[in-house]
1. Fully extended, how many nm does the chain gain between ILE34 and GLU54 (0.36 nm per residue separation, minus their Cα-Cα distance)?
2. Please report, largest first and rounded to whole Å, the three semi-axes of the ellipsoid equivalent to the stretch 162-266, where each semi-axis is the square root of five times an eigenvalue of the C-alpha gyration tensor.
3. Based only on the alpha carbon positions, what is the Kirkwood hydrodynamic radius of the stretch 178-219, in angstrom?
4. For the pairs LYS62/LYS136; LYS173/LYS219; LYS88/LYS173; LYS88/LYS136; LYS176/LYS219; LYS19/LYS136, flag any whose C-alpha to C-alpha distance is greater than 20 Å.
5. So what's the stretch 16-123 giving for Cα Rg divided by 2.2 N^0.38 Å, two decimals?
Amino acid sequence: MIESLLMVIVLVSPDRELKKDPRMAFLVLCTVIISTISFLIFKFENSLPLLFIEGSGTTSLKNFFEYGVSLLHFISIVISLYLYNENKNGQHLYVALAFMFLFLSELIFTIYQSVYDIDNFTGHIYKVIGYYFIMKGFYFSSISKDSLFKDPQERIWRETEEMIQTHYGILFKLKKQENDFVHLVIGGGLLTDLGFSLNEVNGKTLAEFLPEKAARIEKYYECVWRNNEKMVFDIELGGNSYAISLMPVMNSGQVVEIAGAVMGIVKHSRMQRCSRDTKTGSL
């Protein structure tokens, strides 16, 4: 029950950088919890309610607990699949697979009639497989990434990718399919601020996710595609101004795609305030 609840909390908690290593504190806490539970079970064994009766099967109380844990595992499956759908990180598929096996194991633990029958054995096998995929998703994937990027060139590519993802703007590519320009977002933090998700933009045309600006912007797309020239222009969205730069990508003398970037335009008054704050700080 503790595991299933904490895993839901882990999945919904935002990623953040820890200032201190909490592993030793958690190890001590886990040791205390396990020791306390073990002591209570051995000390008050005859007073605790029965969860299983040999030959009769599991009790209603045990089934209640198992169904509650199953519900938490099912929630973890849904969260993991949602996270994968958002960022396409393969480790979330491992986590979803892990909780699928754990979900099945908990359901099996409500139907066995003997601790020695095949149902109970199968439930424990599913649980072992589930824990393996948890390690695969959270731990082994991190180790493989660290070993993969020991090569200096790979490390440079990784740092470049991280820089793109943290860039406050939008980096994207355009490909022309028949008469439509299809977008592929490379990275950048501005997309979320504009109220879009990757799924709303990737593989879509402007008419599908920004219809009110589509006609004007696509004129620039067409100009860059046909005339093989760089272009910078600005648009208004939600009361803010954004600069869009476009550059053709050539192959064998032909434009095969367009590389683009979107940046917010800082108003002059804000720049003046920033300059005043800088001068005040230097004094």
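Only the coordinates and a few stated rules stand behind these numbers; no lab work does. This structure is a prediction, so every number in the text was calculated from the model and none was measured.
1. 4.6 nm
2. 21, 15, 14
3. Details: mean 1/r = 0.0919 Å⁻¹.
That comes to 10.9 Å for the stretch 178-219.
4. Details: LYS62/LYS136 30 Å; LYS173/LYS219 16 Å; LYS88/LYS173 18 Å; LYS88/LYS136 16 Å; LYS176/LYS219 13 Å; LYS19/LYS136 25 Å.
Table pairs above 20 Å Cα-Cα are LYS62/LYS136; LYS19/LYS136.
5. Here the answer is 1.39, to two decimals.
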